1. Scanning for something within 22 Å of Pro5 (Cα to Cα) and either in contact (Cβ under 8 Å) with a residue 60 or more places away in the chain or of a type in the set (Lys, Arg) (or both), does region 85-93 turn up at least one residue?
2. Just give me the residues in region 52-67 being surrounded by 14 or more Cβ atoms within 10 Å (Cβ to Cβ) and of a type in the set (D, E, K, R), in sequence order.
3. Please work out which one of (1) among the β-branched types (Val, Ile, Thr); (2) in contact (Cβ under 8 Å) with a residue 24 or more places away in the chain; (3) within 22 Å of Ala84 (Cα to Cα) is the condition Val45 fails and give its number.
4. Scan region 83-107 for residues that are surrounded by 16 or more Cβ atoms within 10 Å (Cβ to Cβ) and either in contact with a helix residue (DSSP H, G or I) (Cβ under 8 Å, 6 or more places away or on another chain) or among the hydrophobic types (A, V, I, L, M, F, W, C) (or both) and jot them down.
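Please treat every number below as a calculation from the coordinates, not as lab data. For clarity, every value in this text was computed on a predicted model and none was experimentally measured. Don't worry about glycine lacking a Cβ; one is built from the backbone with ideal geometry, like all the others, and counts go over all protein chains shown.
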Amino acid sequence: MITLPGTEHAQMDGEHRTLTGWLEQAAARIGDAEGSEESLYALDVVCHLARSHFEHEHAEMSAWNYPRLAEHRHDHTRLLGELAGLRREFVALAGRIDDATSAALRERLAAWMLDHIVEHDRPYAEWLGSERADPELPG
């Protein structure tokens, strides 16, 4: 089970929990010959949910004029690239995943967004709670 760092931003934390649930589903089936299709499906869902989650964050941060939005977007691009790489690796190894490779892939999935939450999302949530300007919310 993946232990998520919290941000004190309810919606963001909820979306992180949803992503983590699907990451755990993908990881649970890696190495299981009968579950490889299910693992791939779970990875595809993670990709879709991550893109949606990141777009939500971008819209909110833009509305609040978050000064580190460009840096945050850049890290999202990095995360999506890592996820695409994990997916390609999984497809290339399908049916040939030994226990060591399975464990390494599980570990990478479990850690995929944890640093981002601590280094980018948490500071945003703190900024939002204490130093934000009035939003320019879309009408």
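1. To start, the set of residues in region 85-93 that are within 22 Å of Pro5 (Cα to Cα) comprises none.
Scanning region 85-93 turns up no residue that is within 22 Å of Pro5 (Cα to Cα) and either in contact (Cβ under 8 Å) with a residue 60 or more places away in the chain or of a type in the set (Lys, Arg) (or both).
2. Within region 52-67, Glu57, Glu60 meet the criteria.
3. Condition (2) is where Val45 drops out.
4. Matches in region 83-107: Leu83, Leu86, Arg87, Phe90, Leu93, Ile97, Leu105, Arg106.
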